[in-house]
Amino acid sequence: MSIVYQVKTSCFLSTHQKFEIPDNDGECSIYTPDFEILYTSGVRKYAEVKPSEYTQTEHYQSLFSRFNNFLNDTNTDFLIVSEIEIYQQPLLSNYEKLYQYKKRPLLKMKNLQQCAEDIHDLMPLAQLVNRLGDRAHLREIYSWIALGYLRFDMNSEPLSMTTEVKFDVC
């Protein structure tokens, strides 16, 4: 899920591409990953979403290992996501909070650039809101966070006014 919130993600889509993955017996397995993620850098990543009870089986461990090896030297990575990653707190509550701002962002790029140029420090969200004053409303600031232009450690704490944030604008 965090892939969707990364600024450097160019495209995130369901894939129907089938791969013939050789096994040790000279046979091949047909495998289709769930998602393909393209990054602005040109890097590609395939993602598989499966319950951990399946990913721990010998069949899937072998298949995923062979697929990962198949991708070597292709500038492509492979990611396995299970309910353990999906339901991880505080990550999940942060996604739920930011979803509305990612879905319908309030974004004025010129304003974002100007604010980011003026503020380079890591600081609590409340302090950033005060420093920006009338230059940006809270909804716009939350949109910047949801879109990855204003960063915080989503894994360590639920987003609040005491959360330390920093601009990440190119």
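For this structure, a couple of remarks:
- Screening Y54 with (1) at positive phi; (2) open to solvent by 70 Å² or more (accessible area, probe 1.4 Å) gives one miss only, at (1).
- A Cβ distance below 6 Å, combined with a sequence gap of six or more or placement on separate chains, defines the contacts here; from the stretch 143-170, residues that are closer than 20 Å to E85 by Cα and in the same structural domain as P105 (by the TED database) reach residues that are open to solvent by less than 30 Å² (accessible area, probe 1.4 Å) and part of a strand (DSSP E or B) in the pairs F152/V165.
- For the stretch 114-170, filtering for residues that are in a helix (DSSP H, G or I), under 22 Å from the mean Cα position of the chain (by Cα) and not aromatic (F, W, Y) leaves 8.
- Per-region count, the stretch 76-88, residues assigned to a loop (DSSP other than H, G, I, E, B) and either in contact with a Ser or Thr (Cβ under 8 Å, 6 or more places away or on another chain) or free of Cβ contacts under 8 Å to residues at least 12 places away in the same chain (or both): 2
- Which numbered condition D73 fails, given (1) closer than 30 Å to T32 by Cα; (2) not hydroxyl-bearing (S, T, Y); (3) not in a loop (DSSP other than H, G, I, E, B): (3)
- Residue match in the stretch 32-43 (condition: at pLDDT 90 or above, within 16 Å of F167 (Cα to Cα) and charged (D, E, K, R)): no
- Set Y95, Y99: member being in the same structural domain as S143 (by the TED database), closer than 29 Å to G148 by Cα, open to solvent by 50 Å² or more (accessible area, probe 1.4 Å) and part of a helix (DSSP H, G or I): Y99
- Of all residues in the stretch 43-72, those that are farther than 15 Å from S29 by Cβ and in contact (Cβ under 8 Å) with a residue 40 or more places away in the chain have Cβ atoms under 9 Å from Cβ atoms of residues that are assigned to a helix (DSSP H, G or I) and not aromatic (F, W, Y), 6 or more apart or on another chain, in K45/I3; A47/I3.
- Among residues of the stretch 13-36, those that are part of a loop (DSSP other than H, G, I, E, B) and in contact (Cβ under 8 Å) with a residue 40 or more places away in the chain, counted: 2
- Residue within the stretch 106-119 that is open to solvent by 80 Å² or more (accessible area, probe 1.4 Å), touching a strand residue (DSSP E or B) at 6+ places or on another chain (Cβ under 6 Å) and not assigned by the TED database to the domain that holds P33 present: no
- Of all residues making up the stretch 54-70, the number that are of a type outside the set (V, I, T) and not in a helix (DSSP H, G or I): 1
- Flag set for S41, criterion: open to solvent by 70 Å² or more (accessible area, probe 1.4 Å) and among the small types (G, A, S).
The values are calculated or read from the model by the stated rules, or taken from the named source; none is laboratory data. In this text the structure is predicted, and so the values were computed from the model without any measurement. Using ideal geometry, Cβ is built from the backbone for each residue, glycine included, and neighbour counts are taken over all protein chains shown. We work out accessible area using only protein heavy atoms, side chains counted, and drop any ligands, DNA or RNA first. Shrake-Rupley method; radii C 1.70, N 1.55, O 1.52, S 1.80 Å.
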